[in-house]
Amino acid sequence: MSQNLFQLNGKVAAVTGCTRGIGRSVAIALAEAGADLALLQRSPEKTDVKEEVENLGRRCEIIQCDLNNIEEVKGAIPAVVEHFGQIDILVNAAGIQRRSPAVDFPEEDWDEVLNINLKTTWILCQQAGKYMVPQKSGKIINFASLLSYQGGINVPAYAASKGGVSQLTKALSNEWAQHHVNVNTIVPGYIATEMNTALINDDNRNKQILDRIPAGDWGKPEDFKGTAVFLASNASDYVHGHQLAVDGGWLGR
Ligand SMILES: NC(=O)c1ccc[n+]([C@@H]2O[C@H](COP(=O)([O-])OP(=O)(O)OC[C@H]3O[C@@H](n4cnc5c(N)ncnc54)[C@H](OP(=O)(O)O)[C@@H]3O)[C@@H](O)[C@H]2O)c1
């Protein structure tokens, strides 16, 4: 099979959640495949990912974007185009989790989770679509969750937001597939990142989770490199509105 199918040379990718965890791994993978990178992050002083991308010989710019600041969110994609002259790939990897029993779940936590996980994903997709639809090409990768399918316990806002991300992805795909803009989701299973520190440190919960994962272990951020490059590249040109699980087999069980 031609390696060119997976090459991203000459492409510009914008990635949220790129400072750590899955998003960081995805950003590095896209750069390794040849893309230049716009890192949409709230802390411009965190330059380690930028340096890693530049060490791979790619161009990289940090675009200040606190996902709690709607004006910065709305300005992020125009800023990418101003810097690079184009946008070809958008990865919405940022996400937050808040845990609390539903009867006590704070309204401010609900708003923050829905805003960061769902509304900013929508705004960034819409902004990217304004460039990708007219140019008749583009790749958008959103991050859903097992809780796009299951309700979870003590995570009502997260479950609602990730159900929304799945449906939003399908809705955009239905409109934009005809314009050769691919909108898909990656569905992580249980991945060992900061988001799951509490679960990993709870011996009982950790054992319950591990017992249910057919692969027998937590996933790692690096496990997303291949799927991200696939969905960002020509290799996935006829893949639209898909939900690609990277979950060690959890959903199949
Ligand atoms: N880990 C899992 O098991 C799992 C399972 C299912 C789905 N997912 C989804 O996969 C994606 C990546 O998860 P992860 O585990 O890699 O998360 P993570 O390690 O907790 O990293 C979260 C990322 O989001 C960024 N972020 C959070 N709030 C932000 C804000 N207000 N403005 C800008 N950036 C902000 C963080 O930036 P800072 O460094 O600035 O905080 C960080 O880069 C998320 O959408 C998550 O919901 C993860």
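Annotations
- Segments 55-63, 95-103, 28-36, 111-119 sorted - mean Cβ within 10 Å per residue, highest first: 28-36, 111-119, 55-63, 95-103
- Mean projected area (nm²) of the alpha-carbon convex hull when segment 3-245 is viewed from all directions: 13.0
- Amide hydrogen neighbours beyond the local backbone of Gly189, cut-off 5 Å, H modeled: Val246, Asp247
- Lysines with Cα under 27 Å of Lys220, excluding same-chain neighbours fewer than 8 positions away: Lys11, Lys46, Lys50, Lys119, Lys139, Lys162, Lys170, Lys207
- Gyration tensor verdict on segment 1-116 (Cα atoms; rounded if a/c is under 1.5, prolate if a/b is larger than b/c, oblate otherwise): prolate
- For Leu251 and Leu56, the difference between the fully extended length at 0.36 nm per residue and the C-alpha to C-alpha distance is 66.7 nm.
- Sequence of Thr169, Thr47 once ranked by neighbouring C-beta atoms within 10 Å, starting from the fewest: Thr47, Thr169
- Backbone HN-Hα couplings from phi across segment 123-139 [Karplus 6.51/-1.76/1.60, Hz, Gly and Pro as x]: 4, 5, 4, 4, 5, 5, x, 4, 9, 6, 5, x, 7, 6, 6, x, 10
- Whole-angstrom gap from segment 177-253 to segment 37-105, using each part's C-alpha centre: 20
- When Phe6, Phe143 are arranged by Cβ crowding within 10 Å, least crowded first, meaning fewest neighbours, the order is Phe6, Phe143.
Every read-out reported here was derived from the displayed coordinates using simple, explicitly stated rules and does not represent laboratory data. Keep in mind that what you see is a predicted model, and the values were worked out from it rather than measured. Ideal geometry is used to build each Cβ from the backbone, glycine not excepted, and the neighbour counts take in all protein chains shown.
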